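Novice: My structure is below; once you've seen it, I'll send some questions.
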Amino acid sequence: MNSEELRLEEDRTKKTAWKKWGPYLSERQWGTVREDYSATGEAWDYFTHDQARSRTYRWGEDGIGGISDDKQQLCFAIALWNGKDPILKERIFGLTGSQGNHGEDVKEYYFYLDSTPTHSYMKFLYKYPQSEYPYGWLVEENQRRMGMDKRGGMEFELLDTGVFDENRYFDVFVEYVKADSEDILIKISVSNRGDEAATLHLLPTLWFRNTWAWDRENTQKPTLAQKSTNSNYSCVESNHPVLGNGCFYAQGDATLLFTENETNNERLFHVANTTPYVKDGINNYVVHGQKDAVNPDGTGTKVSPHYILEVGAGQTQVVNLRLKDSANSSEPFGTEFEQIFATRKQEADEFYTDIAPKDIDGDRRNIQRQAFAGMMWSKQFYNYNIRNWLKGDPDTPPPPEQRKKGRNSTWTHLENEDIISMPDKWEYPWFAAWDLAFHCLPISLIDPEFAKYQLDVMTREWYMHPNGQMPAYEWNFGDVNPPVHAWATWRVYQIDRKKTGKGDRAFLERVFQKLLLNFTWWVNRKDQGDNNVFEGGFLGLDNIGVFDRSSPLPTGGYIEQSDGTSWMAMYCLNMLTIALELAIENSVYEDMATKFFEHFLYIAEAMNQIGGDNTQLWDPEDGFFYDVLNLPDGGDVHLKVRSMVGLIPLYAVMTIEPELLNQLSGFKERLEWFIENRDDLKCNVANMAELGAHERRLLALAQVTRGDYVSGDRFRCIISKLLDESEFFGDYGIRALSRYHADDPYNFYVGGQDYRVDYEPAESSTGLFGGNSNWRGPVWMPVNYLLIESLQKFHHYLGDDFKVECPTGSGNWLTLWEVATEMSERLIRIFTKDESGRRPLYGATEKFQNDPYWKDLILFNEYFHGDNGAGIGANHQTGWTGLIAKLIQQTGEYS
């Protein structure tokens, strides 16, 4: 084991709590549902960015490049002032859902450069303009564009304002290393990239999350107090009823500014403050010169050493700090400090060198490491108790009564207080169940225990609803996401077994048992016609359909969803796979495996004949799966939108090894019985009887023949469209909507209105689902990843003799494994430099393409332009876009 692996093992065995401290601050706590106590649920308006510097949060904290303990009791982050901004830069700024022309959108440049799984070494970069930050201009211009045709096309970004012209900005690097689990060394390096000297006010800030204001009678207030100061360093002693005593050391003779983490009621609500020192006291002292805004007695619950740095052109200045659980360091910044820093950085390099495939080039190695860094930095302390949120706190006014029947009011069991992997800590600073499942695969490559915990905790009774539903996301926990939890559980189990040599069967069995409840919920709640065909609503694909699938239809009736039914077929096969694995050591699970096998067969049958006239989700004329609209008068209509909805049936595929089948005689007997006696069911499923490569069996929704094409071979029909570059197969991955609709949009007329689906490869031109998401043409990493895995499974059965034309019409014939590899390479190509040194990810943004201080920094967008690969949407979504690290890993290993 290398040093980081030893720390992971010490943390797993609870010998040393290496993960107690980490990057657990949110990047946006304001504008979240959990901080919203309004009657109408307008979270963005109830707690705004302007209020955030003055108003105490109830459920968490935010900051720039910050850390906290795992209960977010004590927090640290940086604050900056360039002498021109109207406020301290204490938190990341962005537009709200109603301000952005494509919904909420962060308007800053910051990067997660490195982090080990135990956070023994971390590195973060924030780019801070030396001119005044254009808050108002960003809001006004994006709102102006919102009123234009197609919501104004491109977003107006911070680079567009010119504040980074001539490199007049600071690169602020924040690095952390752990000497031990409770001794954190901090190095802040400020580089002036401009050609003139510039001044920066640096305020590294330590503060307690306010847990006392809500119930002062029963909560002890912690304290920060100045202990000592000399020419070399200052020491602030912290005292907390749970954390105990500690010391915060600040190098040099910076002035210590103390205030309280209490709301400035005078500024916000025009009523008297409970203390003369409030949350924005340091801001008011530095920016407005209000000397009485900070406590001269050197005590409080928030403190900042105030460094005024004169940084020469092209120069760098460094500030060191240290956070310890004791005040026994006589030389906190001696030679030991630099030695520990050098050692931990070297250990981080060793850890990731051992992880990465040996033969990948430096560019891919850099992309993968920043992807892993993003996964680690996107951990967040997520704290939300619905019961308390609905009823309010003892020392606060009672919330409006309407809330008791409003958002999330049926989720009163939910009581979250965990470190959770976030999709994006600014745009989506809350867990999303189906996103989280994808996060766990790349995470499991470096920290299987954390990945397993994420999957496990979502099925626990303080998350999962008593009826078996998993919470979707805080805007609506009752919404429905695709059921991918079983898939992720199995894949993490496999990755962990490959990494450690032993599968964690206790984890697999524990999660499986809880997923039985979730599966039952799906069967009972989302099968409206009781015919094994599932609805489910939008299922995470937002605007992919001609109608909003989460709302009542303008036609009346309901939609039988190809994707909803296919997700359930995939769910059946995932549960079958897990049950077979568990049955090896416990024969009871053979019966469960049989149950899921039968359920899969009935779903497959239902997809082929719905209703009395046997309407099919499969359209034999087009050779594609579509949703079917069931009208109130009993009629039905194929909604012929060629989209990911029709590709998702490929996900429902598994192979069964002959050795496994021979071990489980009960299941094998039942399988053979179905083959011999139920031709009516067998005909709907691919190759249950015919043995494939190495005598494997195949279960799949998309029938496929091993030899020449025959009528009914749905797999080949779908794959020909999938690999058609004029339809789905883009240079940078599989588009969510076929390019066919660029020239032939789908129209549905009802009630005098034209409902239309056009191919839109970039941003959405409508406000559907907030307008910040678009499934009508772009490339999305998670669904691409599942397609790659599905083709690999088909290859596992069909072998090297089965080839398809790739791209369609090219005359180039590849095995399905080679097709999966080509798809992987096209996705990786989004991030890598082309022959001219440009990354498709950054499109025409020249700063990122050419500037030496920008061109090797990697952002991980939510989705990508369907034609040119440019990044779109949330740009720190290392969440599921972090799957690129897994793709780099597996293409490197198998090349």
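The values are calculated or read from the model by the stated rules, or taken from the named source; none is laboratory data. Predicted model only: the values in this text are computed from it and were never measured. Backbone-built Cβ (ideal geometry, glycine too); neighbour counts: all protein chains shown. The area values use the complete protein model at the heavy-atom level, side chains included, leaving out ligands, DNA and RNA. Shrake-Rupley method; radii C 1.70, N 1.55, O 1.52, S 1.80 Å.
Novice: When the distances between all Cα atoms of the range 10-147 are binned every 5 Å from zero, what whole-number percent does each bin get?
Specialist: For the range 10-147, the binned pair fractions read 2, 9, 15, 19, 18, 16, 10, 6, 3, 2, 0, 0 percent.
Novice: So if the hydrodynamic radius of the range 67-120 is defined as the Kirkwood radius over C-alpha pairs, what does Stokes-Einstein give as its diffusion coefficient at 25 °C and 0.890 mPa s, in µm² per second?
Specialist: Diffusion coefficient, whole number: 172 µm²/s.
Novice: Right, something else. Residue by residue through the range 345-354, which ³J(HN,Hα) values in whole Hz follow from phi under the Karplus form 6.51 cos²θ - 1.76 cosθ + 1.60 (θ = phi - 60°), with glycine and proline marked x?
Specialist: 5, 5, 5, 5, 4, 5, 4, 6, 5, 5
Novice: Whenever you get a sec, line up Thr396, Thr500 from highest to lowest accessible area (probe 1.4 Å, protein heavy atoms).
Specialist: Thr500, Thr396
Novice: Would you tell me the accessible area of Phe860, worked out with a 1.4 angstrom probe on the heavy atoms of the protein chains, in Å² to the nearest 10?
Specialist: Solvent-accessible area, nearest 10 Å²: 10 Å².
Novice: Based on the mean of other Cβ atoms within 10 Å per residue, sort peptides 710-721, 49-60, 352-363 so the most packed one is first.
Specialist: 49-60, 710-721, 352-363
Novice: Right, here's the next one. In debye, nearest 20, what is the charge dipole magnitude of the chain about its Cα centre with +1 on Lys and Arg Cβ and -1 on Asp and Glu Cβ, if you could check?
Specialist: For the chain, the charge dipole is close to 1580 debye.
Novice: Kindly write out, for the range 130-141 in residue order, the coupling ³J(HN,Hα) from the Karplus curve 6.51 cos²θ - 1.76 cosθ + 1.60 (θ = phi - 60°), rounded to whole Hz, with x marking Gly and Pro.
Specialist: Running phi through 6.51 cos²θ - 1.76 cosθ + 1.60 with θ = phi - 60° gives 7, 8, 4, 5, x, 3, x, 4, 4, 5, 5, 5 Hz.
Novice: Show that you can apply the helix-only estimate: for the chain, add -39,500 (n - 2.57) for every DSSP H stretch of four or more residues, divide by all residues, and state [θ] at 222 nm to the nearest 500.
Specialist: Result for the chain, helices only: -9500 deg cm²/dmol.
Novice: Once both axes come from the Cα atoms, what is the angle between helix 562-583 and the longest principal axis of the chain, in degrees from 0 to 90, rounded to 10?
Specialist: With rounding to tens, the tilt is 90 degrees.
Novice: Right, here's the next one. Be a star and scan the range 637-669 for residues whose amide nitrogen sits under 17 Å from the point 7 Å along the Cα-to-Cβ vector of Ile584.
Specialist: Only 655-668 fall inside the zone, counting backbone N under 17 Å.
Novice: If amide H atoms are built 1.01 Å from N in the plane of the peptide, which residues on other chains or at least 5 residues away come under 5 Å of the amide H of Leu113?
Specialist: HN-HN under 5 Å from Leu113: Lys123, Phe124, Leu125.
Novice: Can you give me the Rg/Rh ratio for the chain, using Cα atoms for both radii and the Kirkwood formula for Rh?
Specialist: Here the Rg-to-Rh quotient is 0.97.
Novice: In the range 762-859, if every C-alpha pair distance is counted and binned at 10 Å from zero, what percent goes to each bin?
Specialist: Spelled out bin by bin, the range 762-859 gives 14, 29, 31, 21, 5 percent.
Novice: Report, in listed order, any pair from Lys123/Lys187; Lys187/Lys833; Lys187/Lys291 with a Cα-Cα distance greater than 21 Å.
Specialist: Lys187/Lys833; Lys187/Lys291
Novice: In addition: How long is the gain from Trp462 to Asn273 if the chain were fully straight, where each residue apart is worth 0.36 nm and the alpha carbon distance is subtracted?
Specialist: 64.4 nm
Novice: Relative to the first principal axis of the alpha-carbon coordinates of the chain, what is the inclination of helix 448-457, with its axis defined by its Cα atoms, in degrees from 0 to 90 and to the nearest 10?
Specialist: 80
Novice: Here's a follow-up. What are the semi-axes of the equivalent ellipsoid for the range 12-66, taken as the square roots of 5 times the Cα gyration tensor eigenvalues, largest first, in whole Å?
Specialist: Result for the range 12-66: semi-axes of 30, 13, 8 Å.
Novice: What's the Cα-based Rg to Rh of the range 329-390, Rh via Kirkwood?
Specialist: 1.23
Novice: May I ask for the Kirkwood hydrodynamic radius of the range 666-751, worked out over all distinct Cα pairs and given in angstroms to one decimal?
Specialist: 15.9
Novice: In addition: May I ask for the distance between the Cα centers of the range 655-676 and the range 21-84, given as a whole number of Å?
Specialist: Here the two parts' Cα centres lie 55 Å apart.
Novice: Let me ask something else. Going down the table (Lys358/Lys499; Lys71/Lys514; Lys107/Lys425; Lys71/Lys302; Lys595/Lys668), which pairs top 20 Å between alpha carbons?
Specialist: Exceeds cut-off: Lys71/Lys514.
Novice: Once both labels are modelled 7 Å past Cα along the beta-carbon direction, what's the Arg387-His288 spacing in nm?
Specialist: 4.1
Novice: Give the long-range amide H neighbours of Ala870: residues separated by 5 or more places, or on another chain, with amide H under 5 Å away, using H modelled in the peptide plane at 1.01 Å from N.
Specialist: For Ala870, whose amide H was placed from the backbone, the distant partners under 5 Å are His865.
Novice: Let me have the relative contact order for the chain, percent, based on Cα pairs under 8 Å that are six or more residues apart.
Specialist: Once divided by the residue count of the chain, the mean separation gives 11 percent.
Novice: Round to a whole angstrom and tell me the spacing of the C-alpha centers of the range 190-206 and the range 274-321.
Specialist: 14
Novice: Enter the per residue convex hull volume of the range 162-239, computed from alpha-carbon coordinates, in Å³ rounded to the nearest integer.
Specialist: Taking only Cα atoms, the range 162-239 has a hull volume of 174 Å³ per residue.
Novice: With θ set to phi - 60° and the Karplus curve 6.51 cos²θ - 1.76 cosθ + 1.60, what are the ³J(HN,Hα) couplings of the range 57-68 in order, to the nearest whole Hz, using x for Gly and Pro?
Specialist: After applying 6.51 cos²θ - 1.76 cosθ + 1.60, I find 7, 8, 10, x, 9, 9, x, 9, x, x, 9, 7 Hz.
Novice: Still on this model: Any chance you could check the Cα centroid distance between the range 794-811 and the range 390-415 for me, in angstrom?
Specialist: If you average the Cα positions of each part, the centres end up 56 Å apart.
Novice: Can you list the lysines whose alpha carbon sits under 16 Å from that of Lys721, skipping same-chain ones fewer than 8 residues off?
Specialist: Partners found: Lys640, Lys803.
Novice: Going from most exposed to least, what order do Thr299, Thr96 have by accessible area with a 1.4 Å probe?
Specialist: Thr299, Thr96
Novice: Binned at 10 Å from 0, what are the whole-percent values of the Cα-Cα distance distribution for the range 656-812, short to long?
Specialist: All Cα pairs considered, the percentages come to 9, 28, 27, 20, 12, 3, 0.
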